[in-house]
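Enquirer: Pasting a structure below so you can have a look.
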Amino acid sequence: MLFAQFVDLASIILRLAIGSAFMIHGYPKLKQNEQGKGWMKSMRMPTALIPFAGVVEFFGGLALILGILTPIIAFLSALWMLSTTWLSVTKIKKKYAGGLEIDITLLLASLALTFLGGGTFSIDHLIGL
C-alpha cells in the first residue's frame, strides 16, 4: 500500500469529520422542538424518536471524535444512517442529489471507520483496545 503509514491519520480525519457531522445534526434534536414533532407526526412516526435520534447522533458523534469503542460506534452509526436512508427513500421520497447524499456519505464513511478503527490518536489506543 502506497500510504500505509498514514492509516492513523486517515482514522482521525474520518473520526473528526463524521463525529462532528453527527454532533451538529444531533444537537437540535436534543432540545424540545415542536416543528420536528409536527413533522414526525405527519410522517406517521412516533415523536419519541426525536430525542432518541438526538442522543444517538450527538453522543455517538462525540464518541467517534474521542475514539471511544470506535469500530462498534462506527458500525452502529452506519446502521443508523442505513435506517435514515431507508426512511428518506420510502417515506420522504428523497432523491440522491438534494437529500440522500449526506446520509449515504455518512453511511459509507462510518463503514470505512468500522474497518480502520480508532487508530493511535484515540482513547481506544490509550486503554489498549
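Enquirer: Taking the stated definitions as given, is A78 at pLDDT 95 or above and part of a helix (DSSP H, G or I)?
Expert: For A78, the condition - at pLDDT 95 or above and part of a helix (DSSP H, G or I) - is met.
Enquirer: Only one of I73, I65 is in a helix (DSSP H, G or I), more than 15 Å from L107 (Cα to Cα) and modelled with pLDDT of 95 or more. Can you tell me which?
Expert: I65
Enquirer: Which one of G61, G117, G67 is within 16 Å of L16 (Cβ to Cβ), within 10 Å of the chain's Cα centre (by Cα) and surrounded by 15 or more Cβ atoms within 10 Å (Cβ to Cβ)?
Expert: G61
Enquirer: A follow-up question, please. Are there any pairs with C-beta distances below 7 angstrom linking a residue in region 7-22 that is under 12 Å from G118 (Cβ atoms) to a residue that is polar (S, T, N, Q) and open to solvent by 50 Å² or more (accessible area, probe 1.4 Å), with the two at least 6 apart or on different chains, and if so which?
Expert: D8/T120
Enquirer: Show the residue pairs that are 6+ apart or on different chains and have beta-carbon atoms under 8 Å apart, the first residue being within region 111-122 and assigned to a helix (DSSP H, G or I), the second being open to solvent by 60 Å² or more (accessible area, probe 1.4 Å) and not hydroxyl-bearing (S, T, Y).
Expert: If the second residue must be open to solvent by 60 Å² or more (accessible area, probe 1.4 Å) and not hydroxyl-bearing (S, T, Y), the pairs left are L111/F75; T114/F75.
The values are calculated or read from the model by the stated rules, or taken from the named source; none is laboratory data. All of these numbers come straight from a predicted model, not from anything done at the bench. Cβ coordinates were reconstructed from backbone atoms using ideal geometry, including for glycine residues, and neighbour counts include every protein chain displayed. The area values use the complete protein model at the heavy-atom level, side chains included, leaving out ligands, DNA and RNA. Shrake-Rupley method; radii C 1.70, N 1.55, O 1.52, S 1.80 Å.
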